[in-house]
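Beneath this line is the structure, given in structure tokens, with notes to follow.
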Amino acid sequence: MAGGRARVAVSILDADHSNMAYAIRRAEREGADRLHIDVMDGHFVPNLTFGAKMIKGIRPRTELPLDAHLMISDPLQYVDEFLDAGCDSVTVHVEVEPALRKIRAAGRAPGLAVKPKTPLAALEPYRGLFDIVLVMTVEPGFGGQSFMKDVAAEKILAARQYLGHKPVEGEVQVDGGVNRESAEFVGGLGVDILIVGSVLWIKGRNMGREIRLVRALADEGYQYRLNDGKPPIPRDAMVMFTQLPKHLAWRFMAEIEKGGIPVIPLRGSGQFNPDGVRDYDLLIPAPAEALTTERHAADRERYLAEAERWREAYIAEFGIKPPETLRPMPGSVPAAGHPSEPPHP
Ligand code: DX5
Ligand code: ZN
């Protein structure tokens, strides 16, 4: 997994269709974060490509996530086949609510794509039903067309407002004409996934270098346009939100997770409690740190105070269980030279 926040999905549309297994192995080896698979029916777009059967064949050959982009007139009729084939996400154009619901019910990510001339407002009726907004910056149908900068400028940043229900895993993707020339610009608009096709398959091109370049440029754009010059934190990094005794940690975790922010409880470096069990660390995804603080800073104070009361009550009733050597007694100051506890956040 790459370090920064931008991710590259390699579109296999312009790979050698007579040797797909090789193309996929190559993309994986060269550092693709995902594979993007354009399914076209010759009706919704004037081109024909692959079907669910090919995706099924690819599935056991790579561990990369497979994103299916269905440019077909009747996605509902075929969506089950694409789910069975093992797609990790399925993005549709035609706004069919049942298809989005099926994709979610199968535990995959549902996506809605908007063509260059379709306004973002077309997403409105489906709010909450999709986790991906795919912004098309070329007319769908073919690789190798040129990037529509004005469409990107109008939609990429604005698309985020349709993903409010998904504060961590919601994704804005950009598809069409993305390359080293356009990567910094779309990165500066906060795009999460850059779908890159034709430029990676040019004969003699170093695919791995191209992928790294596109990712790095996108992160650079994000840093200087959206993040006050601070380098973006990796999307998969976790940070500590608080440390609490187990019973309180579990309660707080459930409250935070209700708002769509995943929490990992870890037995870590927290202080020892009078029952002999350390506080648990509650970790949250770094990109959601500001949001979690905004929502839960006051709750955190309440929980920490409740933890203090619980410790005192426990000591009053049961005393202190081992190990007690590292534990400062309530109200005491750790002696000089004594191993000290990490401070409470
Ligand atoms: C176009 C497809 C794209 C295509 C992008 O309809 O949706 O995914 O592969 O290719 P490039 O990067 O060449 O525009
Ligand atoms: Zn596509």
For this session: Scan the range 220-237 and report the pairs whose first residue is touching a residue at least 60 places away in the same chain (Cβ under 8 Å) and whose second residue is surrounded by fewer than 16 Cβ atoms within 10 Å (Cβ to Cβ) and outside any helix (DSSP H, G or I), with Cβ atoms within less than 7 Å and a gap of 6+ or a chain change.
Result: 234/3; 236/1
Problem set entry | Residue pairs meeting the criteria (Cβ under 7 Å; at least 6 apart or on separate chains; first over 14 Å from residue 181 (Cβ atoms), in the range 199-219; second open to solvent by 30 Å² or more (accessible area, probe 1.4 Å) and within 14 Å of ligand 1 (Cβ to nearest atom)) | 201/14
Exercise. Is it the case that residue 14 is open to solvent by less than 10 Å² (accessible area, probe 1.4 Å) and charged (D, E, K, R)?
Worked result: no
Seminar exercise, completed: Conditions (1) at pLDDT 55 or above; (2) within 23 Å of residue 251 (Cα to Cα) -> residue 321 fails only (2)
Exercise. Out of the range 95-120, which residues are of a type in the set (A, V, I, L, M) and either at pLDDT below 95 or assigned to a strand (DSSP E or B) (or both)?
Worked result: 96, 109, 112, 113, 114
For this session: Would you confirm whether any residue within the range 213-220 is touching a Phe, Trp or Tyr at 6+ places or on another chain (Cβ under 9 Å), part of a helix (DSSP H, G or I), within 20 Å of residue 143 (Cα to Cα) and modelled with pLDDT of 95 or more?
Result: no
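Among the listed residues 130, 142, which satisfies the condition of being within 16 Å of ligand 2 (Cβ to nearest atom), open to solvent by 10 Å² or more (accessible area, probe 1.4 Å), touching a residue at least 12 places away in the same chain (Cβ under 8 Å) and farther than 20 Å from residue 185 by Cβ? Write out each step before concluding.
On the way: 130 fails: open to solvent by 10 Å² or more (accessible area, probe 1.4 Å).
Exactly one residue qualifies, and that residue is 142.
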For this session: Filter the range 273-304 for residues that are hydrophobic (A, V, I, L, M, F, W, C) and closer than 13 Å to residue 248 by Cβ and give the result.
Result: 277, 282, 304
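Only one of 121, 152, 109, 105 is over 29 Å from residue 189 (Cα atoms) and out of contact with any His (no Cβ under 8 Å at 6 or more places or on another chain); which?
Details: 121 fails: over 29 Å from residue 189 (Cα atoms); 152 fails: over 29 Å from residue 189 (Cα atoms); 109 fails: over 29 Å from residue 189 (Cα atoms).
Unique residue meeting the criteria: 105.
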Problem set entry | residue 165, sole failed condition from (1) more than 16 Å from ligand 1 (Cβ to nearest atom); (2) buried (at least 18 other Cβ atoms within 10 Å of the Cβ) | (2)
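Output the number of residues of the range 185-212 satisfying the condition of being outside any helix (DSSP H, G or I) and either open to solvent by less than 50 Å² (accessible area, probe 1.4 Å) or within 16 Å of ligand 1 (Cβ to nearest atom) (or both).
Of the residues in that region, 13 qualify.
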Seminar exercise, completed: Within the range 133-171, the count of residues that are among the hydroxyl-bearing types (Ser, Thr, Tyr) and in contact with a helix residue (DSSP H, G or I) (Cβ under 8 Å, 6 or more places away or on another chain) comes to 2
Exercise. Hey, does the range 142-153 have a residue that's at pLDDT 95 or above, closer than 22 Å to residue 34 by Cβ and under 17 Å from the mean Cα position of the chain (by Cα)?
Worked result: no
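Scan the range 168-184 for residues that are closer than 27 Å to residue 39 by Cα and either in a helix (DSSP H, G or I) or more than 14 Å from ligand 1 (Cβ to nearest atom) (or both) and jot them down. Can you show your working first?
Initial filter on the range 168-184 (closer than 27 Å to residue 39 by Cα): 169-183.
Hits for the range 168-184 are 169, 170, 171, 172, 183.
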Exercise. Among the residues of the range 236-247 satisfying the criterion of being surrounded by fewer than 20 Cβ atoms within 10 Å (Cβ to Cβ) and over 12 Å from residue 268 (Cα atoms), which is nearest to the chain's Cα centre (by Cα)?
Worked result: 236
Exercise. Among the residues of the range 34-50, how many are open to solvent by 40 Å² or more (accessible area, probe 1.4 Å) and under 19 Å from residue 8 (Cα atoms)?
Worked result: 0
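The values are calculated or read from the model by the stated rules, or taken from the named source; none is laboratory data. All figures in this text were calculated on a predicted structure; none of them were measured in a lab. Methodologically, a virtual Cβ is constructed for each residue, glycine included, from the backbone with ideal geometry; neighbour enumeration extends over all protein chains shown. Note: accessible area is taken over every heavy atom of the protein model, side chains too, but ligands, DNA and RNA are not part of it. Shrake-Rupley method; radii C 1.70, N 1.55, O 1.52, S 1.80 Å.
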